[in-house]
Amino acid sequence: MTRTVVGPFNRVEGDLEVALEIEDGRIASAEVTTTLYRGYEQLLGGRTPLDALVIAPRVCGICSVSQSIAAATALRELAGGQAVDNGILAANIAHAAENVADHLTHFYLFFMPDFARAEYSDRRWSEATTKRFKAVSGEAAREVLPARRRLLEMMGVLAGKWPHSLAFQPGGTTRAVGMGERVQLLGLVAEFQTFLEGALFGVALDDILALENVGELDAFAAGPGRASDFAAFLRIAADLRLEAAGCGPGPLMSFGAYHGVAGPLFARGLRAGDEVLPVDAAAIGEDVAHSWMRESAAHPFEAETIPAAQKPGAYSWAKAPRYCGKAAEVGAFARQAVDGHPLILDLLRCDGASTVRGRVVARMIEVAILTHALGGWLRALRLKDAFCHQLEIPPEGRAAGLVEAARGALGHWVVARDGVIARYQIIAPTTWNFSPRDASGRPGPLEGALGGLEVGALGARAPIVQHVVRSFDPCMVCTAH
Amino acid sequence: MVWLQAGSCGGCTMAAIEHGATGWFGELKAFDVDLLWHPSLSEETGDEALAILDSVANGETPLDLLCIEGSLLRGPDGSGLFNRFGGSGRTMLDWVRRIAPRARYCVAVGSCAAYGGIPAGAPNPTDACGLQYEGAFPGGALGEDFRSRSGLPVINVAGCAPHPGWIIETIAALRMDDFAADDLDALGRPKFYAKTLAHHGCERNEYYEFKASAEKLSDLGCLMEHLGCKATQAVGDCNQRGWNGSGSCTHGGYPCIACTSPGFEATRSFLETPTVGGIPVNLPLDMPKAWFVALAALSKSATPKRVSQNATSDRVVQEPRRAKGPEA
C-alpha cells in the first residue's frame, strides 16, 4: 500500500488536496482535504442581519448570486414575508445566468482540458481534443470566454455587476427593468443560444431539451450533433468508460431551485433508489470528528464554528454535513434526478449511480433548460409593477435559506438576537460533496467515489483521478468558507 | 506571469476572465504575457504545478509578473495554517514570501490581497492582511519596505471584485514597463482608475445635486443621505465605465460600499447612512461640512417637483418638461 498526497489540485475553484492509499493499482481509500478557512461564519456574528447581504456573497466569487439569494431567502424567512413577483423572476434570471456561466466555465476551462493531456496522446481523439480544449491555448476558449462575457452582461442590466451584487434583497431586486432593458436581456439570451446551438450542442436547443434516454443521447452524439463539443465529450466518455467511473454512494439531494409563485422549476427532495422523499431540514447536521473544528452541536441552528488547527485525527477545514447520518451527493445530477428528468433517470438506471459521465451530462442538460427558462422569465416580467418592497427584519428569530447553487444544495441558517446576528451557519454544495469522514468513519461523497477506482500503474497520477474529482465541479472556496 | 490564490473567493479571477473580445487568454497573448501558472486555468496540477513554482522561487525561471488574489492569512498563531497550499506542505503565506521578491512586479488583485478585505473584518478570525498593507496601514505579509525587482511596491488593484478592465490594464501597462511610482496613489492603487471618485459619472447625479434622496432600495434618488452610499468618498472610475456591459453598483439600485478602500469591511449596517443631527457623518471626500450643509439646504429648497417625485419611485413618474410656457 502506498500513500500519495495530490496537490495543489487545481482547476477546482480554490485549492484542494487529496491523499490516496493505493493497493494493486486500485484506490483503497481517499482523504479529501479542504486547505483554506477564512471564517465567514465568525465574521457574520454580531452584525446587523442585512449586512449578510454584503458579506455572504463574498464567500464565493463564482456562485456569488447563489450565496446572495441564500442570504436573502434566509432573511425573508426571518421576516416572514414574500418578495414581489417581479423580484422573484429577476432573481431567477440572474441566478440562472450565473448557473449557466458556471456550468460553461466548468466544462470548457476546468474539465475538458484534462483530455488534452499528454497521457492520452495515443487515443484517436487526442489531436482534435488538444487543439480544441488544451488549457489556455485551446481554440474553444476563444469562443467560450466571449460568449460567457456577453451572457454575464445580463448582470450589468439586472444587478449592477458580477460578482458580488447587492441587488438581491429579501423583498425583491433593486433595479426595476424597463421595456428597452427587457429587449436587451432577451437579445443577450438569443445571442447566447446561438453560441449553444453552434459550438456546444450543434443542434437546436429544443433537440437537447427533447432528449429522454441514453439511446437518444448516443444518437445525438453520432448523428446531428456529432461536430459539437458536447458530442466530443460523449465520445471520449464512451472510450474511457466514464459511465462506470466515480460512482457516488448516494443518496442524491436537492433543495429545489428557481422558486416562484407556481413552485420551483426544479423540485426539492432526496432520491434514494427509486424513491424521492421530502427533505426534512431538521435531519441536517454537521459532524466535525475529522475537521479542524471544536466539537459543537450538529444542527446549524445550534452549531458553532471554532477552529482547532491542532486537533488530532482531523484532516480538513470542512465540516462533514450529513442527512440522517448519510453523506448526500448534491449538484446538477442530483437536482435533475430529484426533479425526475427522464434522461438523467435513464442514466441513473443504466449506470447504477451518479458517475463522471452522468454529472457532466446533467450540467449540459441544465444549460439548455435554463437558457430556455431565461426567455420565459423575461417575458413574464410585468414591467409596470414593482420589483422590490420593504420587509421588516425582526430583532429576534431564526430562519433558513435553502436554495441551489450551480454545484448543488446551499443553505444559510441565521439566528438573530437583539437586532444582530447571533449565529450564522453556511453549508455549501462542496461541503456536502467533499466532506471528510464523520465520527462513524463514513466517507464523504468524493471519498466514496474515489474508493475502489482503478488507477493502474500510473497510480495517483492517473488522469482518471482528475476526471472523478472534477466531475463534481468542486468549489473549494465555498467548502469551508 | 504567475497568478496565485490566497484567502480568496475566486471572484477576482472570475472578473478577470470576463474581459476581452477574444477572451482573456487572447488579451494576454496580445500583450505578450505568458501565463506560467494559474490555479483555475492551467493544465499543470500537483507535482507539475509545484515544479513550476519551485523553479520560479529558486530563480531558475524568471518572473515578470506575480498576481496574488485573496487575503494573506497569518493565523492561527502566526502559523499560516488557515491557508496551506495543497500538496506542498507549505502555507500560501510562505509561498508568497518566497516568490514575491523574484517578481519584477507584484500585483495585489482585489481588496483582499491589497489591504486584507472582507476576511480581515472583525474579529479577523484568521489574522488576515494584505500583501503590503494591514487595512490602511503599511505592513502586511511582505512588510512596508518590500519592493519587487522593478523597485516598485505592491500594486494594489483594489476593488471587490475589481473591474475586469482595471486588472488587464494594470497587467498590460506593467508588461509594457509603462508604470512608475507616481502612477500609484498614496495607497498603492493605479491612478488610472483611482484618480476619480466612484460618484463621478453616477447616473443619479441630478438627485445628488438637489439632495433628492432615495428612501428605500430600488428608488431612483441619491443613495447617500439614507442608504449608506459612499461613492462620494471612494475612489474608482466605477461610473465612467460599464460593469458587465452597462452596469455599476449605483446603476443597479444599491449603494457603493467603498470596496476600493482599505477597511471597507469594518462598516456596520452597510445599507444605512450614519448621521449626527440629520447630517451624514461621512461627507464627500474634500468638501467642508459647513458648505455641504448650506448647499444641501439650498438645493433641497430648489428641487424641481419632478426630481423629488422620481427620487422616491423605482421608475421615472414625471418626465422633464419646461417649468413654464408652452410645452416642447
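Brief remarks on what is shown
- Annotation: of all residues in segment B:18-42 being facing chain A (nearest Cβ under 8 Å) and touching a residue at least 60 places away in the same chain (Cβ under 8 Å), the one that is nearest to B:SER88 (Cα to Cα) is B:TRP24.
- Condition met for A:ALA428 (of a type in the set (A, V, I, L, M), at pLDDT 95 or above and closer than 23 Å to A:VAL367 by Cβ): yes
- Taking every residue in segment B:309-327 that is within 16 Å of A:GLY178 (Cβ to Cβ) and pairing it with any residue that is surrounded by fewer than 11 Cβ atoms within 10 Å (Cβ to Cβ) and at pLDDT below 85, at least 6 positions away or on another chain, yields no pair with a Cβ-Cβ distance below 6 Å.
- The set of residues in segment B:81-101 being over 24 Å from the mean Cα position of the chain (by Cα), part of a strand (DSSP E or B) and either modelled with pLDDT under 95 or among the polar types (S, T, N, Q) (or both) consists of B:THR91 alone.
- Residue in segment A:83-99 that is away from chain B (no Cβ under 11 Å), farther than 30 Å from B:ARG74 by Cα, of a type in the set (Val, Ile, Thr) and surrounded by fewer than 24 Cβ atoms within 10 Å (Cβ to Cβ) present: yes
- Scanning segment A:351-402 for residues that are surrounded by fewer than 17 Cβ atoms within 10 Å (Cβ to Cβ) and assigned to a strand (DSSP E or B) yields a single hit, A:GLY397.
- Within segment A:8-29, being within 14 Å of chain B (Cβ to nearest Cβ) and surrounded by fewer than 24 Cβ atoms within 10 Å (Cβ to Cβ) holds for A:ALA19, A:LEU20.
- Residue selected from segment A:294-350 under the condition assigned to a loop (DSSP other than H, G, I, E, B) and acidic (Asp, Glu), by the criterion nearest to A:PRO443 (Cα to Cα): A:GLU295
- From the list A:ARG235, A:ARG241, A:ARG226, the one residue that fits, being away from chain B (no Cβ under 14 Å) and on the phi > 0 side of the Ramachandran plot, is A:ARG241.
- Residue count, segment A:447-465 (criterion: within 14 Å of chain B (Cβ to nearest Cβ) and in contact with a strand residue (DSSP E or B) (Cβ under 9 Å, 6 or more places away or on another chain)): 7
- Test result for B:LEU72, surrounded by 24 or more Cβ atoms within 10 Å (Cβ to Cβ), under 22 Å from B:SER40 (Cα atoms), more than 15 Å from the chain's Cα centre (by Cα) and of a type outside the set (D, E, K, R): yes
- Extreme residue, farthest from B:GLY10 (Cα to Cα), among residues of segment A:21-42 that are hydroxyl-bearing (Ser, Thr, Tyr) and assigned to a strand (DSSP E or B): A:SER29
- Of the residues making up segment B:58-80, those that are over 29 Å from A:TYR40 (Cα atoms) and either assigned to a loop (DSSP other than H, G, I, E, B) or within 14 Å of chain A (Cβ to nearest Cβ) (or both) are B:ASN58, B:GLY59, B:GLU60, B:THR61, B:PRO62.
- Residue satisfying all of: in segment A:135-192; facing chain B (nearest Cβ under 7 Å) and among the basic types (Lys, Arg); surrounded by the fewest Cβ atoms within 10 Å (Cβ to Cβ) among these: A:ARG142
- Residue satisfying all of: in segment B:181-215; of a type in the set (D, E, K, R) and free of Cβ contacts under 8 Å to residues at least 60 places away in the same chain; nearest to B:PHE137 (Cα to Cα) among these: B:ASP185
Residue-by-condition table, conditions (1) crowded, with 24+ Cβ neighbours inside 10 Å; (2) touching a Pro at 6+ places or on another chain (Cβ under 9 Å); (3) under 24 Å from B:GLY10 (Cβ atoms); (4) modelled with pLDDT of 95 or more:
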| residue | (1), (2), (3), (4) |
| --- | --- |
| B:TRP166 | yes, yes, yes, yes |
| B:ALA181 | no, yes, no, yes |
| B:THR196 | no, no, no, yes |
| B:GLY221 | yes, no, no, yes |
| B:CYS229 | yes, yes, no, yes |
| B:GLN233 | no, yes, no, yes |
| B:CYS238 | yes, no, yes, yes |
| B:ARG241 | no, no, yes, yes |
| B:GLY247 | yes, no, yes, yes |
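- In this structure, A:GLY331 qualifies as among the small types (Gly, Ala, Ser), crowded, with 17+ Cβ neighbours inside 10 Å and on the phi > 0 side of the Ramachandran plot.
- Verdict on B:LYS191 being under 25 Å from B:SER301 (Cβ atoms), more than 14 Å from chain A (Cβ to nearest Cβ), touching a helix residue (DSSP H, G or I) at 6+ places or on another chain (Cβ under 7 Å) and among the charged types (D, E, K, R): no
- Scanning segment B:277-308 for residues that are over 33 Å from the mean Cα position of the chain (by Cα) and either of a type in the set (S, T, N, Q) or surrounded by 14 or more Cβ atoms within 10 Å (Cβ to Cβ) (or both) yields B:SER301, B:THR303, B:PRO304, B:ARG306.
- Elements of type helices (runs of 4 or more DSSP H) in segment A:199-259, at least 3 residues being more than 20 Å from A:ALA116 (Cβ to Cβ): A:205-209, A:214-222
- Among (1) among the charged types (D, E, K, R); (2) more than 10 Å from chain B (Cβ to nearest Cβ); (3) crowded, with 23+ Cβ neighbours inside 10 Å - the single one A:ARG132 does not satisfy: (3)
- Check on B:GLY10, crowded, with 22+ Cβ neighbours inside 10 Å and either within 9 Å of chain A (Cβ to nearest Cβ) or over 21 Å from B:TYR105 (Cβ atoms) (or both): yes
- Considering A:GLU304, A:GLU243, A:GLU295, A:GLU216, the condition of being touching a residue at least 12 places away in the same chain (Cβ under 8 Å) and under 30 Å from A:GLU396 (Cβ atoms) is satisfied by A:GLU304 alone.
One line per residue, one yes/no per condition, for (1) within 26 Å of B:ALA49 (Cβ to Cβ); (2) outside the structural domain of B:CYS9 (by TED's automatic domain parsing); (3) without any contact (Cβ under 8 Å) to a residue 12 or more places away in the chain:
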{"residue": "B:ASN83", "(1), (2), (3)": "yes, no, no"}
{"residue": "B:ILE118", "(1), (2), (3)": "no, no, no"}
{"residue": "B:GLY121", "(1), (2), (3)": "no, no, no"}
{"residue": "B:GLY130", "(1), (2), (3)": "yes, no, no"}
{"residue": "B:GLU134", "(1), (2), (3)": "no, no, no"}
{"residue": "B:PRO138", "(1), (2), (3)": "no, no, yes"}
{"residue": "B:ARG149", "(1), (2), (3)": "yes, no, no"}
{"residue": "B:ALA173", "(1), (2), (3)": "no, no, no"}
{"residue": "B:MET176", "(1), (2), (3)": "no, no, no"}
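- Boolean, B:ALA113 is in contact with a Ser or Thr (Cβ under 8 Å, 6 or more places away or on another chain), in the same structural domain as B:ASP47 (by TED's automatic domain parsing) and under 15 Å from B:SER71 (Cα atoms): yes
- Residue within segment B:305-324 that is among the aliphatic types (A, V, I, L, M), in a helix (DSSP H, G or I) and either modelled with pLDDT of 95 or more or over 15 Å from B:CYS222 (Cβ atoms) (or both) present: yes
- For segment A:41-62, a residue qualifies if it is facing another protein chain (nearest Cβ under 8 Å) and within 19 Å of the chain's Cα centre (by Cα), and the qualifying residues are A:ARG58, A:VAL59, A:CYS60, A:GLY61, A:ILE62.
The values are calculated or read from the model by the stated rules, or taken from the named source; none is laboratory data. Since we're looking at a predicted model, the values are computed, not measured. With ideal geometry, Cβ positions are generated from the backbone for all residues, glycine too; neighbour counts draw on all protein chains shown.
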